[in-house]
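The values are calculated or read from the model by the stated rules, or taken from the named source; none is laboratory data. If you're wondering where the values come from, they're calculated on a predicted model, not measured in any experiment. Cβ: placed from backbone, ideal geometry, glycine included. Neighbour counts: every protein chain shown. For the accessible areas, the whole protein counts, side chains as well, though only heavy atoms, and no ligand, DNA or RNA atoms are used. Shrake-Rupley method; radii C 1.70, N 1.55, O 1.52, S 1.80 Å.
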Amino acid sequence: MTRTDEEIHGPGTGRLLSRDGLPDWLGPVDRAARTIRPEQLSRFLPPESGAGRQSAVLVLFGEGERGPELLLMERSGSLRSHAGQPSFPGGALDPEDGDPADGGLLRAALREAQEETGLDPRGVQIFGVLPRLYIPVSGFVVTPVLGWWRTPSPVGVVDPGETARVFTVPVADLTDPENRATTVHPSGHQGPAFLVASALVWGFTAGVIDRLLHYSGWERPWDRSKQVPLDWRS
């Protein structure tokens with residue numbers, strides 16, 4: 001079942017989203033984004049009450065020396081929440097971003113990426129939006145915004161107090177079975193993880209990557225019994 005335009009990006013935001021001229025290799029991701037349902041992405045869905053702080057992350061695909069790649073950042077170790085954890089650029093909706101139902105979340109994803117990594121948003125083409133998800137520990141309702149890095153720009157740490165490093169990860173490394181594992185939280189919760197670029201990518205970010213790889217047909221069989229324990233502070 002294909003989601004309607006309103007389900008995908010809300011009424012009135014079509015002018016901010018374009019699929020024209022995407023590289024062929026992004027086709028499977030584009031198709032997955034248009035058909036995937038919320039419950040196929042995560043069991044943590046926004047409360048029916050409407051509670052939760054609206055936010056967005058930028059899932060940015062580029063093309064590097066080793067082919068398709070994703071832009072990630074590592075949060076500063078001094079932060080109170082998710083310290084040292086790799087993540088997509090992103091954050092909470094600000095008043096300047098506008099109505100979340102009228103492109104505000106797309107603008108928030110680009111603004112946060114620029115503030116955190118120095119990314120030039122003019123070089124990014126937004127081509128899709130995934131269903132909203134929920135992060136219970138922080139109360140954020142997160143919209144993953146999919147982008148094509150049509151015109152790459154220099155990126156790096158803007159504020160060391162917020163970000164420890166900015167890096168890209170080849171999709172080939174993310175699909176390599178040797179780099180995949182299952183994290184085990186002290187609470188007992190288990191989830192997918194990626195050991196790439198000298199980092200352990202887990203939690204919300206790994207969950208989105210895992211589902212994108214799966215529904216895009218890029219996933220390769222991997223050993224789900226390979227476990228990585230998480231620290232109790234995670």
Sequence-separation-based contact order of the chain, relative, with Cα cut under 8 Å and 6+ spacing, percent: 23 percent
From phi via Karplus (6.51, -1.76, 1.60), per-residue ³J(HN,Hα) for the range 171-176 in Hz, x at Gly/Pro: 4, 4, 6, 5, 8, 5
Hydrodynamic radius by Kirkwood, which averages 1/r over all alpha carbon pairs of the range 46-128, in angstrom: 14.0 Å
Cut-off under 5 Å, modelled amide H: who pairs with Leu60 long-range: Leu71, Gly147
Accessible solvent surface per residue of the chain, calculated while the other protein chains remain in place, 1.4 angstrom probe, Å²: 48 Å²
Of all accessible heavy-atom area on the chain, the percent that carbon and sulfur account for (1.4 Å): 50 percent
Two-site label geometry, Ala172 and Glu48: point separation in nm, points 7 Å out along Cα→Cβ: 4.8 nm
Selection of chymotrypsin sites (Phe, Trp or Tyr not before Pro), the range 131-234, meeting DSSP coil and at most 13 other Cβ within 10 Å: Trp232
Under Karplus coefficients 6.51, -1.76 and 1.60, residue-wise ³J(HN,Hα) of the range 200-205 in Hz, glycine/proline x: 9, 8, 9, x, 3, 4
The chain: calculated mean residue ellipticity at 222 nm from DSSP helix runs of at least 4, using -39500 (n - 2.57): -6000 deg cm²/dmol
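What's the whole-number percent of alpha carbon pairs in the chain lying beyond 30 angstrom?
18 percent
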HN-Hα J in Hz across the range 35-41 - Karplus 6.51, -1.76, 1.60, θ = phi - 60°, x for Gly and Pro: 10, 5, 9, x, 5, 7, 8
Residues whose placed amide H lies under 5 Å from that of Ile126, excluding near-sequence neighbours: Ser18, Trp148
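When every alpha-carbon pair in the range 96-224 is counted, what percent end up more than 23 Å apart?
Here the long-distance tail beyond 23 Å is 42 percent of all Cα pairs in the range 96-224.
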Once exposed loop GluC sites (Glu not before Pro) are cut out (DSSP; at most 10 other Cβ, 10 Å), longest piece of the chain: 66-234
Potential lengthening between Arg150 and Trp222 on full extension [0.36 nm per residue; Cα-Cα distance subtracted]: 22.8 nm
